[in-house]
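Working notes, beginning with the structure itself.
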Amino acid sequence: MLIRVGYELVYSCPQPTPMVLTLNIHYSRANDLVKPDTLDITPATPVATYRDSFGNWCVRTVLPVGVTRLHADAIVRDSGYPEAVPQHQTPQIAVQALPEDTLLYLLGSRYCDIELLNDTAWSLFGGTPLGYPRVQAVCDYVHRHVRFGYEFASPTRTAFQTWQEGRGVCRDYAHLAIAFLRCLNIPARYCTGYLGDIGVPIVDAPMDFAACIEVYLGDRWWTFDPRNNQARIGRVLIARGRDAADVALSTSFGPNTLQSFFVVAEETTN
């Protein structure tokens with residue numbers, strides 16, 4: 001299967017504005033790129049690239065005064081199969097036996113305020129079986145508890161606030177599930193990427209980047225999606241981190257306005 005992915009972001013800046021962009025497809029999908037997601041900036045602006053501490057590809061640039069268009073259009077080869085799902089008996093690893101590089105994902109972070117949710121997490125899920133059943137119980141709860149709506153989007157909402165309000169967008173579902181899992185001593189991290197309506201009914205709404213989570217069970221990380229709560233076809237990872245603060249699509253260091261925003265993720269034949 002071939003999937004076309006890309007974006008167009010248009011910014012307006014009243015002064016030269018340094019910006020860090022995390023928009024490139026994750027290096028783990030590099031061999032799947034039939035057509036690379038090369039960043040095109042109009043007007044042309046010098047850029048520098050680097051890998052952040054989580055391994056994500058990032059771009060540094062300075063947007064000039066006025067209107068700047070960021071654009072990419074890529075083709076990704078995909079298996080066409082739904083995401084792998086753990087077996088029911090896939091175990092949870094005791095904290096003392098976890099690999100050192102997973103321990104960071106047990107800690108609280110900017111949007112995953114676990115200290116406010118610890119008692120709630122154990123009250124809700126302490127009686128569930130360890131391992132995959134417990135993770136799925138968390139995702140089931142978050143999927144039912146949170147009402148989705150683009151009008152509920154907020155750049156400052158934390159996991160605790162999502163639990164209190166019972167509403168949000170995909171990043172809020174992800175933050176709440178991550179926070180609960182970390183409270184339960186299960187490493188969980190935030191992911192952002194492309195997810196088209198492939199193999200599911202088409203949603204009549206503007207497309208956006210999609211958040212999901214990865215959870216460490218057994219001897220590997222597994223993808224879970226609390227918002228959709230089902231294995232999906234054609235997810236294309238962009239970046240991973242502790243929460244949305246680590247994988248912001250753009251981080252600006254000066255005033256700017258996002259004038260327009262367009263994302264595409266769809267099956268294609270060429």
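The values are calculated or read from the model by the stated rules, or taken from the named source; none is laboratory data. Everything numeric here is computed off the predicted structure, so don't read it as measured data. Methodologically, a virtual Cβ is constructed for each residue, glycine included, from the backbone with ideal geometry; neighbour enumeration extends over all protein chains shown. Side chains are part of the model used for accessible areas, which takes the heavy atoms of the whole protein and leaves out ligands, DNA and RNA. Shrake-Rupley method; radii C 1.70, N 1.55, O 1.52, S 1.80 Å.
Inspection of the stretch 210-231 identifies at least one residue that is within 25 Å of Cys58 (Cβ to Cβ), open to solvent by 10 Å² or more (accessible area, probe 1.4 Å) and among the aliphatic types (A, V, I, L, M). Open to solvent by less than 60 Å² (accessible area, probe 1.4 Å) and closer than 17 Å to Arg240 by Cβ - does that describe any residue in the stretch 146-159? Taking every residue of the stretch 146-159 in turn, none turns out to be open to solvent by less than 60 Å² (accessible area, probe 1.4 Å) and closer than 17 Å to Arg240 by Cβ. Pro86 falls short of the stated requirement of being touching a residue at least 60 places away in the same chain (Cβ under 8 Å) and open to solvent by 40 Å² or more (accessible area, probe 1.4 Å).
Considering only residues that are closer than 26 Å to Tyr105 by Cα and hydrophobic (A, V, I, L, M, F, W, C), look in the stretch 24-54 and name the one that is surrounded by the most Cβ atoms within 10 Å (Cβ to Cβ). Restricting to residues being closer than 26 Å to Tyr105 by Cα and hydrophobic (A, V, I, L, M, F, W, C), the top hit is Ile25.
The residues of the stretch 55-70 that are within 20 Å of the chain's Cα centre (by Cα) and open to solvent by 50 Å² or more (accessible area, probe 1.4 Å) amount to a single one, Trp57.
Kindly indicate whether Gln92 is in contact with a helix residue (DSSP H, G or I) (Cβ under 8 Å, 6 or more places away or on another chain), modelled with pLDDT under 95 and either surrounded by 17 or more Cβ atoms within 10 Å (Cβ to Cβ) or outside any helix (DSSP H, G or I) (or both). Please lay out each step first, then the result.
Details: in contact with a helix residue (DSSP H, G or I) (Cβ under 8 Å, 6 or more places away or on another chain): yes; modelled with pLDDT under 95: no; either surrounded by 17 or more Cβ atoms within 10 Å (Cβ to Cβ) or outside any helix (DSSP H, G or I) (or both): yes.
Here the answer is no, as Gln92 does not meet what is asked.
For the stretch 111-118, the criterion of being surrounded by fewer than 17 Cβ atoms within 10 Å (Cβ to Cβ) and under 22 Å from Arg220 (Cβ atoms) is met by no residue. Could you tell me whether any residue of the stretch 57-67 is aromatic (Phe, Trp, Tyr) and in a strand (DSSP E or B)? Looking for residues that are aromatic (Phe, Trp, Tyr) and in a strand (DSSP E or B), one finds at least one in the stretch 57-67, hence yes. Candidates in the stretch 185-207 are the residues that are under 11 Å from the mean Cα position of the chain (by Cα) and more than 19 Å from Ala30 (Cα to Cα); of these, the one that is least open to solvent (accessible area, probe 1.4 Å) is Tyr190.
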